[in-house]
1. I'd like the accessible area for residue 81, computed on protein heavy atoms only with a 1.4 Å probe and all protein chains in place. Round to 10 Å², please.
2. Using the heavy atoms of the protein chains and a 1.4 angstrom probe, tell me the accessible area per residue for the stretch 88-197 in square angstrom.
3. Any chance you could get the radius of gyration and Dmax over the Cα atoms of the stretch 41-120, in Å?
4. What does the convex hull of the alpha-carbon atoms of the chain project to on average, in nm²?
5. Mind grabbing the accessible area of residue 74 for me, 1.4 Å probe, Å², rounded to tens?
6. How about the stretch 221-284: which GluC sites (Glu not before Pro) there are in a DSSP loop, with at most 15 other Cβ atoms within 10 Å of their Cβ?
7. Hey, which of these cross-link pairs are over 23 Å Cα-Cα: 296/342; 228/274; 310/337; 136/228; 211/239?
8. For a quick check, take a GNM of the chain with Cα springs below 10 Å and name the residue from 235, 326, 174 with the largest mean-square fluctuation.
Amino acid sequence: MNREFIDALEQLEEEKHIEKGVLLEAIESALLAAYRRNYSTTGNINVDNVRVDIDSETGDISVLSRLEVVGEVMDENREISLEDAHDIDARYEIGDAIEFAVTPEDFGRIAAQTAKQVVVQRIREAERSKVYDDFKNRLYEIVTGVVHRKSGATLFVDLGHTEAILPPREQVPGERFEVNDRLKAYIMDVKHSLKGPQIYLSRSHPGLVKKLFELEVPELTDGTVEIKAIAREAGSRTKMTVYTEFENVDPVGSCVGNRGSRVQSVVNELDGEKIDVIPWSDEPEELIANVLSPAKVEDVFIVADNDEEKAALVVVPDYQLSLAIGKEGQNVRLAAKVSGWKIDIKSHSQYYQDEDADEIYDDDMSYDDSTDAEVVEVE
């Protein structure tokens, strides 16, 4: 090695932000391992007692054997007598260490190959570390990529400088992507692995809906409007509650846009998934009535409101019962998730028949949804 090698390391330090000193230490360690591997049976040198030194200015490499100055030599590979040490320099005393250059003549070739391998490896590690840091800082954001390859149901997405994984469980039922298809996805997780950073994407996470709206709605970006909660059954329906502190701002209208242009952009990206944008309220009765949209609500009765349970009974017109519950209970299920309340639904006739029964029998009966198939209770 020579000065040109040191110049190359300094250039790497500037371009790849890998410190020259760190590289030199790594190369010295690798050269020491190479020396011990290739010269372990050479002469009477104890390879466990040597070190490699690289001059940071000239690039010159030296292999140095270390001997301890002793009164009586017991191991010639590790020790030197005080008398012999004085032949070298009269100032040596017992306990001092003397280093001798034992650099093999052909060590330059091995050194060049080893240094190249170390530098390449360190550059690769630095690049992986940079990719990891970049995407760790972009956690819970949206990225756009191209499907690079498929392995079973798993998609591998090219993000430009690296490849990300879209697992089957994070895909939307019914969506189909082929190689070279472009897609938007939510960065769900970033992990270290032996092969480099592993970036996991999601198309089904509620956060994707939130970030898509932030791309379309400036009021969300500047904080004028806030998304309070999102409940999603990917590929089918999403309920999202929005709020603003400003009286002259319509939070729902801001998210929906002129003639529905903003919400339609999000719907198109989600392949037609239905999205309900609902005004948030600090009043539980109003909030619960809102989240059951599009069903109309007659009354909301708070059954429990404490740290252990938040439960409400909702009465809807008879003709609205199916709409309030939704197909396979989806509407009330999403309403419960997005509001944080456990919701029981009864039709008008069911509720008031029960009330009449209470009056007739004068009995404080607790309602059991197992006796009525049309009443849905969702955590």
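The values are calculated or read from the model by the stated rules, or taken from the named source; none is laboratory data. This is a predicted model, so every value here is computed, not measured. In this analysis, Cβ positions are derived from the backbone assuming ideal geometry, glycine residues included, and neighbour counts consider all displayed protein chains. Ligands, DNA and RNA are excluded from the accessible area calculation, which covers all protein heavy atoms including side chains. Shrake-Rupley method; radii C 1.70, N 1.55, O 1.52, S 1.80 Å.
1. That residue has around 20 Å² of solvent-accessible surface.
2. Working: 6960 Å² over 110 residues.
Accessible area per residue, the stretch 88-197: 63 Å².
3. In order Rg, Dmax, the Cα atoms of the stretch 41-120 give 15.2, 47 Å.
4. Details: hull surface 136.3 nm².
That works out to 34.1 nm², a quarter of the Cα hull's surface.
5. Near enough 150 Å² of accessible area.
6. Details: sites: 226, 233, 245, 247, 269, 273; in loops: 245, 247, 273.
In loop regions of the stretch 221-284 (DSSP not H, G, I, E or B), the sparsely surrounded GluC sites (Glu not before Pro) are 245, 247.
7. Numbers: 296/342 18 Å; 228/274 18 Å; 310/337 12 Å; 136/228 25 Å; 211/239 15 Å.
Correct reply: 136/228.
8. 174
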